[in-house]
Amino acid sequence: MTSDIVGDIRSEIMRLVSAYEKEKAEKEALNDELKECRAMIEDCRKHIKELERQIDSLKLTDAFMATSKDRREARERIDRMIRSIDRCMSLIGD
């Protein structure tokens with residue numbers, strides 16, 4: 001009878017150790033996946049910033065290449081960009 005109890009306890013301990021190892025491996029896999037996702041997010045953020053820079057550059061180029069009837073609108077766009085830059089600089093300076 002005592003050996004049955006000891007055997008049951010051993011098998012329960014082995015089951016728990018096995019479940020623990022399985023959960024540990026799953027946690028490690030999820031941590032690896034999380035690291036990869038964070039790296040992808042950072043890459044995407046950098047790509048977005050680069051694309052925004054390119055958009056701003058294209059807008060500026062477009063503003064300078066405007067026809068005579070678009071010159072007023074171009075001037076307004078440039079003025080808005082300058083005000084935006086000024087706001088950013090004042091925020092950085094604070």
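Results for (1) assigned to a helix (DSSP H, G or I); (2) acidic (Asp, Glu); (3) at pLDDT 85 or above, shown as yes or no for each residue.
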residue	(1), (2), (3)
Glu12	yes, yes, yes
Arg15	yes, no, yes
Tyr20	yes, no, yes
Asn31	yes, no, yes
Glu42	yes, yes, yes
Ala63	yes, no, no
Arg83	yes, no, yes
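(1) acidic (Asp, Glu); (2) modelled with pLDDT of 80 or more; (3) more than 26 Å from the chain's Cα centre (by Cα): which one isn't true of Asp70, the others all being true? Against the list (1) acidic (Asp, Glu); (2) modelled with pLDDT of 80 or more; (3) more than 26 Å from the chain's Cα centre (by Cα), Asp70 comes up short only on (2).
A single entry from Ser11, Ser90, Ser57 fulfils the requirement of being exposed (fewer than 10 other Cβ atoms within 10 Å of the Cβ), of a type in the set (Gly, Ala, Ser) and without any contact (Cβ under 8 Å) to a residue 60 or more places away in the chain: Ser90.
The values are calculated or read from the model by the stated rules, or taken from the named source; none is laboratory data. The structure presented is a predicted model; accordingly, all values stated were derived computationally and were not measured. All Cβ positions, glycine included, derive from the backbone under ideal geometry; neighbour counts span all protein chains shown.
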